[in-house]
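Engineer: To start, I am sharing the structure in question, which I have written as structure tokens.
The values are calculated or read from the model by the stated rules, or taken from the named source; none is laboratory data. What you see is a predicted model, and the numbers here were worked out from it, not measured in a lab. Heads up, the Cβs are rebuilt from the backbone with ideal geometry, glycines too, and the neighbour counts pull from every protein chain shown.
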Ligand code: NAD
């Protein structure tokens, strides 16, 4: 059986691992130490096309899409079991490659297992319906897989976000091509090896890593691509949507966020401070659904800011693979620079750095991309730090006087992914949830999701949904069949 430990990771096309047409391998380094973790093949547009061809061939010839969904149920469940058996080594790989604390990587792999289990239960329920129509006719619908589906993933939850979209596509009977983020392709290749072991036919799951502009665009801009699911930045999402629209190909877009956290005066401050800590410092803030804008009732502001500052300063920073570490480095030097630019910007605009706002220094940190958990207050609402997604451990704080103002501030963003509300007043919680322009609202919780609950954004946060009982819909098409039953012959 394959192990995810080998130090060279190739492309996986048509069931075979190969270095790709370029023959180049890129060294990937541990964001905490700068040491090389592995070498990975750099794919090209030609490799993308080879993967689409392999997928199309497998879709036509392998019977993966055959009417008997039981085969897909069994294969996906077996894959869930193999991932579970390799959970620790996959989590280690994710942490070495991406930097997040092991505890979080373990949670991500558990989520992958649960996602596979959940969608496996949908694989034999791709059902049509019968529709009453006038006259001697019979009408019914068939739901069919679309064919070859393309999945483009980001680097912040490398395996989790890849599997979130490709698992339902597989469950529906499609053949899949995955392009993981160039920085974090390792767990995807390890996963695809396990999929082969689980009995997925060759070519049903292909992985091509490589530069997004070249490999990603070649995958989407090809007649064999019948659907695309993109998780990443709004800028690239727009490009994907344009390419998909040219060929009328459906696109699911999971983009960024600038999540508000509304804290009403009756909230339990200790729980709020813990929830806020997870919501912005979890995964070093590199989360689309990060709860990055704290909106607190003015009566609570000093006490809550004190608690959040204390929690930020108490967080144990370090390499994700060390025991007890609560926040790891950012994924790359560029990302750390990018995040700190927002702090400079906020300072220049008159904002106050309550804590953090700088790199972490010292022998444990100097070789990595560590940025201290940061809280910014009094930043003008028009400044970049308040308006743009920072994608790092940076919380901005503003206060409000009444629920109207809280909702206005919360909705004053181009994004609409997740919003959090803290109050003991359930009437206020429900009324506020209804008025928030966000695809997901959590009440008295840090950001949390489950494979059975829909995940998607409003406004600039995307298009369409993933997860939930309708997770297979983007990967199936409906065909209506109408039969004329003829005029029944009269007896005698
Ligand atoms: P990114 O947009 O830079 O890259 C995402 C993927 O697209 C990568 O695989 C990349 O190689 C590829 N890509 C880049 N240019 C491309 C192009 N022209 N054509 C096709 N593919 C291309 O995003 P990122 O930096 O990897 O991830 C961070 C972003 O992802 C943030 O904005 C974050 O909010 C968002 N995100 C959203 C969700 C969600 O579910 N809504 C989840 C995680 C991350």
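Engineer: Limited to segment 18-57, what total is found for residues that are without any contact (Cβ under 8 Å) to a residue 12 or more places away in the chain and surrounded by 16 or more Cβ atoms within 10 Å (Cβ to Cβ)?
Structural biologist: Residues meeting the conditions: 1.
Engineer: When the residues of segment 202-221 are narrowed to those that are assigned to a loop (DSSP other than H, G, I, E, B) and surrounded by fewer than 22 Cβ atoms within 10 Å (Cβ to Cβ), which ends up farthest from the ligand (Cβ to nearest atom)?
Structural biologist: Ranking the candidates gives 202 first.
Engineer: Let me ask something else. Conditions first: (1) within 27 Å of residue 32 (Cα to Cα); (2) touching a residue at least 24 places away in the same chain (Cβ under 8 Å). Residue 344 passes all but one, so which condition is the exception?
Structural biologist: (2) is the only condition that residue 344 fails.
Engineer: In addition: Any residue at all in segment 303-311 that is closer than 29 Å to residue 37 by Cα and out of contact with any strand residue (DSSP E or B) (no Cβ under 9 Å at 6 or more places or on another chain)? Spell out the reasoning first.
Structural biologist: The initial filter retains those residues of segment 303-311 that are closer than 29 Å to residue 37 by Cα, namely none.
No - not one qualifying residue is present in segment 303-311.
Engineer: Of all residues in segment 371-394, which are in contact with a helix residue (DSSP H, G or I) (Cβ under 7 Å, 6 or more places away or on another chain) and either assigned to a helix (DSSP H, G or I) or in the same structural domain as residue 99 (by TED's automatic domain parsing) (or both)?
Structural biologist: Across segment 371-394, the qualifying residues are 384, 385.
Engineer: Among the listed residues 245, 251, which satisfies the condition of being free of Cβ contacts under 8 Å to residues at least 40 places away in the same chain and touching a strand residue (DSSP E or B) at 6+ places or on another chain (Cβ under 8 Å)?
Structural biologist: From the options 245, 251, the qualifying one is 245.
Residue-by-condition table, conditions (1) assigned to a strand (DSSP E or B); (2) crowded, with 24+ Cβ neighbours inside 10 Å; (3) modelled with pLDDT of 95 or more:
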| position | (1), (2), (3) |
| --- | --- |
| 396 | yes, yes, yes |
| 409 | no, no, yes |
| 419 | yes, yes, yes |
| 430 | no, no, yes |
| 434 | no, no, yes |
| 438 | no, yes, yes |
| 442 | yes, no, yes |
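Engineer: Please enumerate the residues belonging to segment 419-440 that are within 17 Å of the chain's Cα centre (by Cα) and without any contact (Cβ under 8 Å) to a residue 40 or more places away in the chain. Give the steps one after another, and end with the answer.
Structural biologist: Initial filter on segment 419-440 (within 17 Å of the chain's Cα centre (by Cα)): 419, 438-440.
Matches in segment 419-440: 439 only.
Engineer: Also, I was wondering about something else. So which residues in segment 138-164 are within 10 Å of the ligand (Cβ to nearest atom) and more than 22 Å from residue 53 (Cβ to Cβ)? Don't jump to the end; show me each part of the working.
Structural biologist: The first filter runs over segment 138-164 and keeps only residues within 10 Å of the ligand (Cβ to nearest atom), leaving 150-158, 160-162, 164.
Passing the criteria: 154, 155, 156, 157, 158, 160, 161, 164.
Engineer: Based on what the data block shows, is residue 230 assigned by TED's automatic domain parsing to the domain that holds residue 85 and within 14 Å of the ligand (Cβ to nearest atom)?
Structural biologist: Working: assigned by TED's automatic domain parsing to the domain that holds residue 85: yes; within 14 Å of the ligand (Cβ to nearest atom): yes.
Considered against the rule, which asks whether it is assigned by TED's automatic domain parsing to the domain that holds residue 85 and within 14 Å of the ligand (Cβ to nearest atom), residue 230 comes out as yes.
Engineer: Suppose the filter is assigned to a helix (DSSP H, G or I) and either surrounded by fewer than 16 Cβ atoms within 10 Å (Cβ to Cβ) or at pLDDT below 95 (or both); does residue 492 pass it?
Structural biologist: Judged against the criteria, residue 492 is not a match.
Engineer: Kindly list the number of the only condition in (1) within 30 Å of residue 28 (Cβ to Cβ); (2) crowded, with 23+ Cβ neighbours inside 10 Å that fails for residue 336.
Structural biologist: Against the list (1) within 30 Å of residue 28 (Cβ to Cβ); (2) crowded, with 23+ Cβ neighbours inside 10 Å, residue 336 comes up short only on (2).
Engineer: Moving on. Going by the structure shown, is residue 224 in the same structural domain as residue 164 (by TED's automatic domain parsing), surrounded by fewer than 20 Cβ atoms within 10 Å (Cβ to Cβ), in contact with a helix residue (DSSP H, G or I) (Cβ under 6 Å, 6 or more places away or on another chain) and more than 15 Å from residue 43 (Cα to Cα)? Walk me through it before giving the result.
Structural biologist: On the way: in the same structural domain as residue 164 (by TED's automatic domain parsing): yes; surrounded by fewer than 20 Cβ atoms within 10 Å (Cβ to Cβ): yes; in contact with a helix residue (DSSP H, G or I) (Cβ under 6 Å, 6 or more places away or on another chain): yes; more than 15 Å from residue 43 (Cα to Cα): yes.
So residue 224 fits the description; yes.
Engineer: From 372, 470, 359, which residue is away from the ligand (no atom under 16 Å from the Cβ), in contact (Cβ under 8 Å) with a residue 12 or more places away in the chain, under 30 Å from residue 112 (Cα atoms) and surrounded by 15 or more Cβ atoms within 10 Å (Cβ to Cβ)?
Structural biologist: 372
Engineer: Going by the conditions given, is residue 339 in a loop (DSSP other than H, G, I, E, B) and in the same structural domain as residue 396 (by TED's automatic domain parsing)?
Structural biologist: No, not satisfied.
Engineer: Name the residues in segment 322-344 that are within 17 Å of residue 94 (Cβ to Cβ) and within 22 Å of the chain's Cα centre (by Cα), would you?
Structural biologist: Residues satisfying the conditions are 326, 327, 328, 329, 330, 331, 332, 335.
Engineer: Filter segment 240-271 for residues that are over 20 Å from residue 417 (Cα atoms) and either within 7 Å of the ligand (Cβ to nearest atom) or in a helix (DSSP H, G or I) (or both) and give the result.
Structural biologist: Narrowing segment 240-271 to residues over 20 Å from residue 417 (Cα atoms): 242-250, 264-271.
Across segment 240-271, the qualifying residues are 242, 243, 244, 245, 246, 269, 270, 271.
Engineer: Here's something else I'd like to know. I'm checking my understanding of the structure. Among residues of segment 446-461 that are in contact with a helix residue (DSSP H, G or I) (Cβ under 7 Å, 6 or more places away or on another chain) and buried (at least 17 other Cβ atoms within 10 Å of the Cβ), which one is farthest from residue 229 (Cα to Cα)?
Structural biologist: The initial filter retains those residues of segment 446-461 that are in contact with a helix residue (DSSP H, G or I) (Cβ under 7 Å, 6 or more places away or on another chain), namely 446-447, 451-452, 460.
Now restrict to residues that are buried (at least 17 other Cβ atoms within 10 Å of the Cβ): 446-447, 451, 460.
On the way: 446: 26, 447: 22, 451: 17, 460: 16 Å.
The qualifying residue farthest from residue 229 (Cα to Cα) is 446.
Engineer: In segment 165-198, which residues are in contact with a helix residue (DSSP H, G or I) (Cβ under 6 Å, 6 or more places away or on another chain), within 9 Å of the ligand (Cβ to nearest atom) and either over 16 Å from residue 225 (Cα atoms) or without any contact (Cβ under 8 Å) to a residue 24 or more places away in the chain (or both)?
Structural biologist: 180, 184
Engineer: Evaluate segment 12-30: report whether one residue or more is in the same structural domain as residue 156 (by TED's automatic domain parsing) and in a helix (DSSP H, G or I). Reasoning before the result, please.
Structural biologist: Step one: filter segment 12-30 for residues in the same structural domain as residue 156 (by TED's automatic domain parsing), giving 12-30.
After this cut, where a residue has to be in a helix (DSSP H, G or I) as well, the list is none.
For segment 12-30, residues in the same structural domain as residue 156 (by TED's automatic domain parsing) and in a helix (DSSP H, G or I): absent.
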